[in-house]
Amino acid sequence: MKAIRIHEHGGREKLRYEDAPDPRVTAPQDVIVKLEAAALNHIDLWTRMGATGMKIPMPHILGADGAGVVVEVGANVKIVKPGDKICLYSFTGCGECEFCVSDRNFMCIRVRGLGEGLDGTYAEYVKVAPENCFPIPAHMNFDEGAAFPLVFVTLWRMLITNARLQPGETLLVTGIGGGVAGAALQVGHRSGARVIVTSGSEEKLQRALALGAVHGVNYKQKDIVAAVKEFTDGRGVDVVVDSVAGEVWQKNLAVLAPGGRLVTCGATAGWQPCDDIETIVSKNLKIYGSTLGSREDFCQLLRFLNETKIRPIIDRKFPLIEACDAQERMEEARQFGKILLQSQK
Ligand SMILES: NC(=O)c1ccc[n+]([C@@H]2O[C@H](COP(=O)([O-])OP(=O)(O)OC[C@H]3O[C@@H](n4cnc5c(N)ncnc54)[C@H](OP(=O)(O)O)[C@@H]3O)[C@@H](O)[C@H]2O)c1
Ligand SMILES: [Zn+2]
């Protein structure tokens, strides 16, 4: 099959479009999926650069998200069969530790994901375990089925499981062009929150307003703290969903109302933010670190998506051979929503 592989860590020039062995059923629990679409995530860039600290076997196929059709299954696979249209929950734990046996395999210290230790979805086919396969929500096509899993399950755990967003609350989402941020806008709006967004792009702010945001702040032109305080009559927001960090971190603390919750899943702008312990203490803030989500989170999310008919925001689709251009678009933050790869020629 054709795949995008890296043979060593580095820049985008390390992405090679080449022949890779077709994945085969070699164990009774194997499932082979013919991919119709894959989606990019920021983790693909970190993995390509070698910035995750995880040692991965080379050559390696990137990509955590994909959707397609089951084409072959091992003898013990019961929950999917050839012909099923599926999307992927991309993580697998050791299966033995206290986290794995309590449906928290995303916290397993030996967790591996598609494109992050396991060969991923920048390919025509992928081999997965049955417990990683879920039906694509009925109202979604393959592109949408590939676009939502990683960012939406991460966001679901951040916003619903951890921060427990309530209807009527005010939510600030930073960097609305990002995948997690877009999911936060959609889920937050549909859950009855008033969603304020930030972006470095006027066009992205306009698109966010069209999707239900009540206010947009251009962080390149305005002081976020002053703008959000003004919009909320000096009160501040109940919840911040952030994956930017860096110099944005302290501003997130400053815009929270007393008792507010800040939930983070990443640090695109830097892992060493200038913290403000005084604000955290005096305003009684709660800060949640959040990563991925459990299968239970994923099942709750699927029920929510099926009920609300929400479709993930799609930015643009590239042929697999153009994965380098697709990653460049993400690296330069030109996207609004999810960037996709067309898996089949
Ligand atoms: N822990 C987990 O489970 C998990 C899961 C998914 C993602 N993540 C992490 O979350 C982060 C985002 O990933 P993603 O795939 O959702 O997003 P993404 O598609 O990579 O988008 C990043 C966005 O961040 C915004 N941004 C960048 N610098 C900014 C700044 N200085 N101030 C405000 N916004 C800024 C930009 O928004 P605008 O273009 O609107 O300005 C950009 O579009 C990454 O660090 C990723 O590793 C973690
Ligand atoms: Zn484990």
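Mind listing just one residue for me: the one in the range 100-123 that is open to solvent by less than 30 Å² (accessible area, probe 1.4 Å) and away from ligand 1 (no atom under 16 Å from the Cβ) and, of those, nearest to HIS42 (Cα to Cα)?
Looking at residues that are open to solvent by less than 30 Å² (accessible area, probe 1.4 Å) and away from ligand 1 (no atom under 16 Å from the Cβ), I get ALA123.
Looking at ALA183, is it crowded, with 24+ Cβ neighbours inside 10 Å and either at pLDDT below 95 or more than 16 Å from ligand 2 (Cβ to nearest atom) (or both)? So that I can check it myself, show each step before the final result.
Details: crowded, with 24+ Cβ neighbours inside 10 Å: yes; either at pLDDT below 95 or more than 16 Å from ligand 2 (Cβ to nearest atom) (or both): yes.
When the stated conditions are applied, ALA183 passes them.
What pairs come out if I take residues in the range 87-104 that are within 8 Å of ligand 2 (Cβ to nearest atom) and pair them with residues that are not in a loop (DSSP other than H, G, I, E, B) whose C-beta lies under 6 Å away, six or more apart or interchain?
Listed pairs, sorted by first residue: GLY93/CYS100; GLY93/ASN105; CYS94/CYS100; PHE99/MET107.
Exactly one condition in (1) more than 16 Å from ligand 2 (Cβ to nearest atom); (2) closer than 30 Å to ASP22 by Cα is not met by SER294; state its number.
Failing condition for SER294: (1).
Cβ contacts < 7 Å: first residue without any contact (Cβ under 8 Å) to a residue 40 or more places away in the chain, restricted to the range 211-240; second residue of a type in the set (Phe, Trp, Tyr), any location; separation 6+ or different chain. Result?
HIS215/PHE231
Pick from the range 261-302 the residues that are surrounded by 16 or more Cβ atoms within 10 Å (Cβ to Cβ) and among the polar types (S, T, N, Q): which of them is farthest from ligand 1 (Cβ to nearest atom)?
In this case the residue turns out to be GLN300.
Output the number of residues of the range 1-50 satisfying the condition of being of a type in the set (Asp, Glu) and in a loop (DSSP other than H, G, I, E, B).
3
Name the residues in the range 74-91 that are open to solvent by 40 Å² or more (accessible area, probe 1.4 Å) and either within 20 Å of SER343 (Cα to Cα) or within 16 Å of ligand 1 (Cβ to nearest atom) (or both), would you? Full working, then the answer.
Within the range 74-91, the first condition is being open to solvent by 40 Å² or more (accessible area, probe 1.4 Å), and the residues that meet it are 75-76, 78-79, 81-83, 85.
Once the filter is applied, which keeps residues that are open to solvent by 40 Å² or more (accessible area, probe 1.4 Å) and either within 20 Å of SER343 (Cα to Cα) or within 16 Å of ligand 1 (Cβ to nearest atom) (or both), the range 74-91 yields PRO82, GLY83, LYS85.
The values are calculated or read from the model by the stated rules, or taken from the named source; none is laboratory data. Small disclaimer: the values here were computed from a predicted structure and weren't measured. In this analysis, Cβ positions are derived from the backbone assuming ideal geometry, glycine residues included, and neighbour counts consider all displayed protein chains. Please note that ligands, DNA and RNA were not included when accessible areas were found on the heavy atoms of the full protein model with its side chains. Shrake-Rupley method; radii C 1.70, N 1.55, O 1.52, S 1.80 Å.
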